[in-house]
Every structure is written in structure tokens, then in C-alpha cells.
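The values are calculated or read from the model by the stated rules, or taken from the named source; none is laboratory data. These numbers come from a predicted model, not from an experiment. Backbone-built Cβ (ideal geometry, glycine too); neighbour counts: all protein chains shown. Heavy atoms of the whole protein, side chains included, go into the accessibility calculation; ligands, DNA and RNA do not. Shrake-Rupley method; radii C 1.70, N 1.55, O 1.52, S 1.80 Å.
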Amino acid sequence: MLTSRTFLKRTRAGSVLKVVREHYLRDDIPCGAAACSLCPPRPDGSPSALEERPSGAASSLCPGPHYLLPDTNLLLHQIDILEDPVIKNVIVLQTVLQEVRNRSAPVYKRIRDVIGNPEKHFYSFTNEHHRETYIEQQQGESSNDRNDRAIRVAVKWYNEHLKKMQNEEIQVIFLTNDRNNKEKALEEGITAYTCEEYIKSLIANPELVDRLACVSDEGKEIESGKIIFPEHLPLSKLQQGIKSGIYLQGTYRASRDNYLEATVWVHGDAEENKEIIIQGLKHLNRAVHEDIVAVELLAKDEWVAPSSVVLQDDGQNEDDIETEEEKENILKTSDNKSMLRPTGKVVGIIKRNWRPFCGMLSKSQIKEARRHLFTPADRRIPRIRIETRQADTLEGQRIIVAIDGWPRNSRYPNGHFVKNLGTAGDKETETEVLLLEHDVPHQPFSQAVLSFLPKMPWSITEKDMKYREDLRHLCVCSVDPPGCTDIDDALHYREMENGNLEVGVHIADVSHFIRPGNALDEESAKRGTTVYLCEKRIDMVPELLSSNLCSLRSNVDRLAFSCIWEMNHNAEILKTRFTKSIINSKASLTYAEAQMRIDSASMNDDITVSLRGLNKLAKILKKKRIDNGALTLSSPEVRFHMDSETHDPIDLQTKELKETNSMVEEFMLLANVSVAQKIYDEFPEFALLRKHPAPPPSNYDILVKAAKSKDLEIKTDSAKALAESLDKAESPASPYLNTLLRILTTRCMMQAVYFCSGMDNDFHHYGLASPIYTHFTSPIRRYADIIVHRLLAVAIGADSTYPELTDKHKLSDLCKNLNYRHKMAQYAQRASVAFHTQLFFKTKGVVNEDAYILFVRKNAIVVLIPKYGLEGTVFFEEKDKPTPRLDYNNEVPSLTVEDTTLHVFDKVKVNVMLDDSNIQHQKIRMVLVEPKIPGNDVPAQLSTAMSSNSEPEKKKKKLQQ
């Protein structure tokens, strides 16, 4: 059966077009109930989704067997409830799914996953194409009302249809939180409940009530009912205002250090007012970190300076708005007119970026209270008020909470409990928090993804050899960190008959196994990168590939993508060729083993000779790069030595870099540059490249001033000038000074990013002083390299192209995701190091160490302890202690505490200890010991200082046995 609608439409050219929309209706769409004999079986032959005898939670409201049918708003807001294993046998209408898809992509994905889970018995019913459930929109009826009516019609049809079944009668219960819709349903004889009514009726599952989202704000307000915040303007007004320039649209970034201040980064290319400061509760107006907001600029006489005060929200008294206003006044004491910045206020929210937040419950002091405040782990997120009956159980646990809404009369947003992660401080729990908070996809690979892996036992076939060179005869070897199982790269070197040298970089051929567009490819693209935590690796690709079939292990045949150069003895490239290949690595060495072979007088086998040749060429290549203006920067990297039983860190050292690290790096850089040039020549519009923008001159202010304070000059007009002046910046009195300058220079740099060549015209890589660059050498752990492999394979005729590969807009979107994933992976890795550092110091008591000052602040100094590669802040203002006299000089930069002046790069002594007074935000605390400052003594309870080489008591006893 066919229904059609006809309407007329005027085109741009002015002619009239007749449009006919056809809508097919069928009567063979199954209802999904297992007990139904009236409907045809499902076309794919799969079993019916809805159970014959509905299992699930027993309800006191509807004790008989029943299916549930939710409306759109209920599905959007109560997805946490629907995902719970207790809730089964749910009918999701096509009308509802379409609306959810238009309104929230994340919820749509979640509900699709639930429908796909056979244990949940959710059924998607195509009511819009079923002859008996499709309805036309009536004249004067809004599409919203029409959809509500369509849902009620479907519920009625289901109930009548299920009555015809021979077995016991199954009822369909309509769930809606819309008062009007519920009243109309009841008038029409439909059994309807709100979500709250139904969940509270579940006899055996009282804990589910905690997961209810509080959508209606009635009864949830602060008792005083006092309006705290201005009203948010409706979206239509905001869009008009943005169009006319009254308001600016941007991303809201809350401050970590000050809960009464935020910055809005304005979207668009305008140079002025790029960054707007928002100060004070009313002006922040209920925006949450990463929301997209509309901002109104304040008059210039109301502009403020960014505050240098640290303010944490202790949430002691949430109704005490007066003290908030006092705190806001502290912020406004700006001493310098030149520091004033464009300032504004949030007038409306364009798009919320609420996600589930990890954190801990701050239990209410009131006995038997059900309302408690939740403190997120991320200091940029406000506290959230939740209702729970399990407060005693949840205290001291890490939990997940979702925000539901933020009424105008509430100091904090309202939310609901989602999940308990485990005990705070526990290693597994903290790792889970760290991965969730940095949005690292870490769930096990799904069956759909794993189904695209090669079947074992795997071997190289004739088909695989097509378009491939057999290079198994070459003396190839790999050099990696100890314990590395995902070996991406291997090298070879040999002398040619014409007297020249042949050098090859062989990279794992991951794109052979991961084909475009399948589930494995989509999952790898979503993950973007492998994340290395201190004792865990979150793989981008399943382990069968990462540690086995793609890993270039020794003495097994492996597929590779090879970049082979012919060079002369001065490391000048005469010829470059690229080929897919098959290799057999003769040795998998660690950096230390390779270094030992190079240095050994007695070893002269093929592998050692080729390592020496590679090392010699690498030194020439490095010198050329540095002469060209490449930077050699420094960042203190740490290594933990783990206890084999407890897996707790027992030692902490900075990583030592060997010549062989540099040797491998040089050839990887060379391969990346060669491949970048090749794919750009072939695909000027679609090459995936990597650039490193030059920092704006103001970024270098701190570096130049700090060097000047030590009578050293740092030139920053070009990368070459910077590199040369860093090489000259030596001080015999302080041998570590040059490393400190390089660490500080790293902090001045911009982030390197992936981009699509057709969407940008600045390709330059500042740090490497290279006009073009990409990533080709690590496809097991970076998705960007897989795309580069595919481009290169097409360029040399070894593989076929596909539409997305030559769509610059799609590539550009892909680059955005990759840049985001790489940034998050970096933050997650730092957080993992910070957590393990805390574990290390937990057993150490107080440690006394040499440190160097990296930065001076108004009330603190930031120091680096070279021994541990550990950075920390020494505060001179502490709660309940008299504040010493502080004099901060931004020009030098220096900080005078009482009569002692501290400069950047000064060597000091500090006591280091773990401060675990706040279990959620444990931190390493540092106290200045030398130079001694009166009144800044080490706290009494920490006076039992240990020197860094003393063993903890437990260990001593163990050693004496």
C-alpha cells in the first residue's frame, strides 16, 4: 500500500517545482513478540526479540506479564535506567528512534547498542511503515503532537494485537514523563505511568531509584527558592543576536584553579575579542566546562584582569551567596590597567557538553538525608547535587554521576547516580577513572571488530605476495625499548656493488590487515592511538595484530611497507623507492643491546656491522638537521621500576637516552619526510600531513627573561637562531642550566597537529625545521600512519583507493579526532605518571632532594627535581598560617619571600611528601628547606625526614631476612 503527499516548491531560479513524496506501508512487519503466531517471522530468520514470558523486574503496579514502550523524552533522559540489566522487553518505536537520532547522537548510539544486545530483549518496531500504526499529520497539529499521537496509536495497536494471541495476555505499558501525553493516554484506555512511578514500583530493585534523572525541577529546588542566576535566553534569540553581532558564540573553558572564573574561546576568524574572560557566579550563569555558549560583552569600564588567586569551591554552605560575593570582590582587585581583558557574561547555552563525570560523594551532615553533593575529579566541573539512599555505601568510593539540569534557583546542578567504580585510591579503580576522565576508549574489542581479524593459524599466501618484493634475504633488525611487543619498525644497511650504501626502513604493513570501512577500521579510527600508561597499554588494534601478526618480531616472516634509499657515504640521498615487502628480521634488540654491539671490539657479525653503519649515517643526518635549524629540546621522562608481586613502584628514575635511541629516530624522521613528499606529490589535495606551527613571539617572554637573569641571551627570531643560542647557553657554575633552558623552551612550543593538505597552506614543521612532514613509521599504534600507508600504497600502485581517502572534508574531520585523541592520550599518560609517583612516595615518608626553580608565581615557585623528573609547586601561603611578606617581580622574574629572593633556575633543596588529606585529589607536597625562610618550616608531623636513599621500614626488614 502506498500513501503519497504532493506539494509545490519554488526554486532559486523562480520556477515552480511539483514534489511528490511517496510513503510505502506494509502489513508484514512483525510485532517482535516470541509468542505471536499472527506475524510473519523476521526476514533475517533471527529469533524474536521480545520474550514469550517477559522476565525482568517484578512491579507492584503491574504484576502481570508486560512489555514497556517509552516515548522520546523518556528515552532521551532516562537512558541510564533503560541500560540497566533489570529492564528488559522494551519496544522502541521508529518514531521515537528518529526523534532521538535528531536530538542526541550519543543517546542514539547507546540505544542502538542496547537494541543490539540479545540479553536485553529490546525490539525496534517500524511503526511509521506499518499499515495499522501509520498516521497522517492533521491540519493545525504540530509535528510534536502528531508524534505523541503516533506513539499512543502504536501502544493501542500492540495491546489489541497481543490480545489475539492464544497464550496468557501480555500488556504493553506506556512510559512517559509528559503530563499531557499521559492524560490523553489514560483517557484512551491505555495503561500509562511516569518513569518514576514505574521504577519505584519495582519490588526487588529499590537501588534503581538512584539512577532516575530528575528532569522536572519541581520539588528539587533549594527550599529558599531564591533566584540566583539570570534566565537563559531561548535559542532563537541567541541565534538572532549572534547573527547581528550583539552576542558572541564560543566554547566555555572553566578554570582549574578558580571556580569563579572562566574563559570563552570565540568561534570564527576575528582577531579581536578571541578570548573573553567571565568572572563571578551570575556571569558564569550555569555554564559547564566545554559547553558552547552565547556571551554578551560588558562595557569597557567593567572589564577585568585574569585573576592570579587560587580559589577552590569547598561547598561548605551552598546557600551562602554573600560569601561568594565577597570572594568575587577579591578577584576584582587588579593593580594594572594593561592587564584588563575583554570581559563578558553568559546569556544562554547553545549546546551542552554534559558527559558522565567521575568523582566522589561528599555526604550530607544531616542524618538520614537523601540529598548529597558530588565532587567531580575534574576541578573544572561544578559540584552536582544527587539524591541517593546508598550514601553510606558510596562514601569513599569513586562513582559516576550524570547532570540532569541546573535550575535558576540552585547553586549547583541536579544529577543522578550512574555507577560505582570501586574504592578510591585502589589502583584498578584509579586507572579506570583516569581513562574515563580523559575519554580514552578502553572497552574490550567487540565481536564485530574481532570478526575481521585473520583466522589462525595465519601464513603468507600467493595472493599476499602480489605487488610485494621478497626482502627476506636482507639483514634486517629492530631496536626498541625493553619489553616492547608492538614492534612497528626495523632497519637494514648494506654496501652496494657501486660503492654506495643502501638503507631501508621497514614498517609493519597494518593496512594489509585493516581494510577501509569495516568494523575493525572504524574502531581503530575512533581510538586513534595506543595509550601507554605506567603498567598498562590500551591498544588501538586487537592484540593478535599489535603483538603478533603485525609486530616485526625476529625470525618470522612478516609483511612490511619499505622505504629504501641509496645514499653516498655523506648520507646524501641519491634515490628513494617505496615498496610493499616481505621481511624476516634477524634480531629484535633493545637500545642497550644495540649500543653494546656497536661499542664492542670483539663483535663483527652482519647485524653489528650494519648497526655501526647505520649509527655513522645517523650522526651525519642529525648534524645536518641541527645545522638546518632543528631543535633538540628536553623533557624529563621517568621510568618506574615495579615490584614483581605487588606491581607497586619501588624506584623512580629519569630515562637515560643512548646513541641508539637517536640512531633509530633519525631514520624514522627521514622516512616520514620522504613519504610526506611522495604522498603530497601524488595527492596535493588529500595528503594527511603533520605540522608544528611556530610559536607567537610572546610565548618566549618567560624563556628570554629567565635566561637574561643568568646573563644569557636567547634569540627567538627563527628556529635556527633559537637552536644556536640554546647551544651557546652554558654556565660552568651550573651544568644543569642548559637542560633547564631546553625544558623551558619545550613549554613555549605549540602543539603539533595532523591536517589535510587541501585544507591548509602552512605545512612547515618548526621543531624539525622541515618544510613537510607526516607520520608513517608507527601504524600499530597510530591511526594517522594507517591512512598515510593507504595513500602511499595507492601512489605506488600497490592498492586501490576508496571514496573517503580522496575526500578532503572527511580527512579533515578525521584529523580533528586524531588530534583530540592524541592530546587526551598525552594527558592520560601524564596522569598515570602522577598517580604512580604518588604511590611511590606513599611508602617513602619525607624525602629531601635537590631541585631547580622552573617558574616563579605570585605566591609560589614551581620546581623540578632532576633525580625523579618530578615537578611540583612550593606554596608560601598556607591555610591557618601567617603569610610571609611576598614581593613578585614579573620582569626578572623573581619572588622575594621575607628577605630571600628566589630566581628562575636557582638551585634549592626541598622536602617531598605525599599529602593525602584529600583522598580524591592526593598530591605531592613540597616544602622549601634551603634557602631557609623564617616561618616556612616543615610541618611538625613531617619532621621525621628521611633521606632519599633510606629504605622504608618494611623493606628493610625484608632485606635483613
- Item | Potential extension, LYS816-THR579 segment - 0.36 nm per residue separation minus Cα distance | 82.4 nm
- Message: Checking the table LYS226/LYS351; LYS623/LYS728; LYS419/LYS842; LYS455/LYS536 against a 21 Å threshold on Cα-Cα, which pairs fail?
- Response: LYS226/LYS351; LYS419/LYS842; LYS455/LYS536
- Query: What FRET efficiency do you get for SER662 and ALA105 if R0 is 41 Å and r is their Cβ-Cβ distance, rounded to the nearest 0.05?
  - Reply: 0.35
- Along the three principal axes, how long is region 60-104 when you take its alpha carbons, biggest first, rounded to the nearest angstrom? 35, 19, 15
- Message: Per residue, how large is the accessible surface of region 436-475? Use a 1.4 angstrom probe and give square angstrom.
- Response: 69 Å²
- Query: With +1 on each Lys and Arg Cβ and -1 on each Asp and Glu Cβ, how big is the dipole of region 453-582 about its Cα centre, in debye rounded to the nearest 20?
  - Reply: 340 debye
- Potential extension, GLU231-SER451 segment - 0.36 nm per residue separation minus Cα distance: 74.0 nm
- In whole angstrom, the spacing between the Cα centers of region 723-768 and region 136-150 equals 62 Å
- Message: Heavy atoms only, 1.4 Å probe, whole protein assembly: order ASP711, ASP701, ASP392, ASP71 by accessible area, highest first.
- Response: ASP711, ASP392, ASP701, ASP71
- In µm²/s, what is D for region 336-394 at 20 °C and 1.002 mPa s, where D = kT/(6 pi eta Rh) by Stokes-Einstein and Rh is the Kirkwood radius from Cα pairs? 147 µm²/s
- Message: Not counting ligands, DNA or RNA, and with a 1.4 Å probe, what is LYS710's accessible surface area in Å² rounded to the nearest 10?
- Response: 70 Å²
- Message: With N set to the number of residues, divide the alpha-carbon radius of gyration of region 674-753 by 2.2 N^0.38 Å and report two decimals.
- Response: 1.44
- Cα-based convex hull, region 35-158, per residue volume (Å³, whole number): 126 Å³
- Over region 665-811, average the accessible area per residue using a 1.4 Å probe and give it in Å², no decimals. 41 Å²
- How large is log10 I(q)/I(0) at q = 0.14, 0.15, 0.23 Å⁻¹ when the Debye formula is applied to the Cα atoms of region 433-544, each weighted equally and without solvent? -0.80, -0.88, -1.40
- Task: May I ask for the net charge around PHE513, where only other residues with Cβ less than 11 Å from the Cβ of PHE513 are counted and Lys, Arg are +1 while Asp, Glu are -1?
- Result: -2
- Counting pairs of alpha carbon atoms under 8 Å apart in space and at least six apart in sequence, what relative contact order in percent does the chain give? 7 percent
- Dipole check, the chain, charges on Cβ (K,R +1; D,E -1), about Cα centroid: among TRP458, TYR591, VAL172 the Cα furthest to the positive pole belongs to TRP458
- Relative contact order %, region 352-409, counting alpha carbon pairs below 8 Å whose residues are six or more apart: 41 percent
- Message: Just to confirm the filter: which GluC sites (Glu not before Pro) across region 391-478 are DSSP coil and have at most 11 other Cβ within 10 angstrom of their Cβ?
- Response: none
- Query: For region 102-143, what value does the Rg/Rh ratio take when both radii are computed over Cα atoms and Rh is the Kirkwood radius, given to two decimals?
  - Reply: 1.12
- Note on the structure: Residue-normalised value, i.e. accessible area per residue, for region 498-620 at 1.4 Å probe, in Å², stands at 36 Å²
- Note on the structure: CD proxy, 222 nm, the chain: helix-only mean residue ellipticity via -39,500 (n - 2.57) per DSSP H run with n ≥ 4, per residue, nearest 500, stands at -8500 deg cm²/dmol
- Residue separation times 0.36 nm, minus the C-alpha to C-alpha distance between ASN568 and ASN409: what's the value? 49.7 nm
- Query: Using alpha-carbon pairs under 8 Å, 6+ residues apart, how would you state the relative contact order of region 152-213 in percent?
  - Reply: 25 percent
- Query: Per Stokes-Einstein, at 10 °C and 1.306 mPa s, what whole-number D in µm² s⁻¹ belongs to the chain, with the Kirkwood radius over Cα pairs as the hydrodynamic radius?
  - Reply: 49 µm²/s
- Message: Could you work out what % of the accessible surface of the chain is carbon and sulfur, using a 1.4 angstrom probe and leaving DNA, RNA and ligands out of the count?
- Response: 49 percent
- Note on the structure: Quick P(r) readout (region 830-928; Cα-Cα; 5 Å bins; whole %) gives 3, 12, 22, 23, 19, 13, 7, 1, 0
- Query: Which cross-chain or sequence-distant (5 or more) residues have an amide H under 5 Å from the amide H of TYR67, H modelled 1.01 Å from N in plane?
  - Reply: GLN171, VAL172, ILE173
- Message: Once the cut-off is 24 Å, how many percent of the Cα-Cα pairs in region 792-888 end up in the long-distance tail?
- Response: 56 percent
- Determine which lysines satisfy two conditions relative to LYS184: a Cα distance under 19 Å, and not lying fewer than 8 residues away in the same chain. LYS156
- Note on the structure: Taking r as the C-beta separation of ASP378 and SER142 and R0 as 45 Å, the FRET efficiency to the nearest 0.05 is 0.70
- Compute the normalised compactness of region 705-844: alpha-carbon radius of gyration over 2.2 N^0.38 Å, N being the residue count. 1.43
- Query: D for region 736-790, whole µm²/s, Stokes-Einstein with Kirkwood Rh over alpha-carbon pairs at 37 °C and 0.692 mPa s: what number?
  - Reply: 243 µm²/s
- Note on the structure: Computed over region 385-426, the distribution of all Cα-Cα distances in 10 Å bins, rounded to whole %, is 28, 46, 23, 3
- Cα centroid separation - region 573-596 against region 165-212, whole Å: 66 Å
- Query: Given a Förster distance of 30 angstrom, what is the FRET efficiency for TRP265 paired with GLU197, based on the Cβ-Cβ distance and rounded to 0.05?
  - Reply: 0.10
- Please tell me which of these pairs span more than 30 angstrom C-alpha to C-alpha: LYS463/LYS691; LYS109/LYS182; LYS823/LYS867? LYS463/LYS691
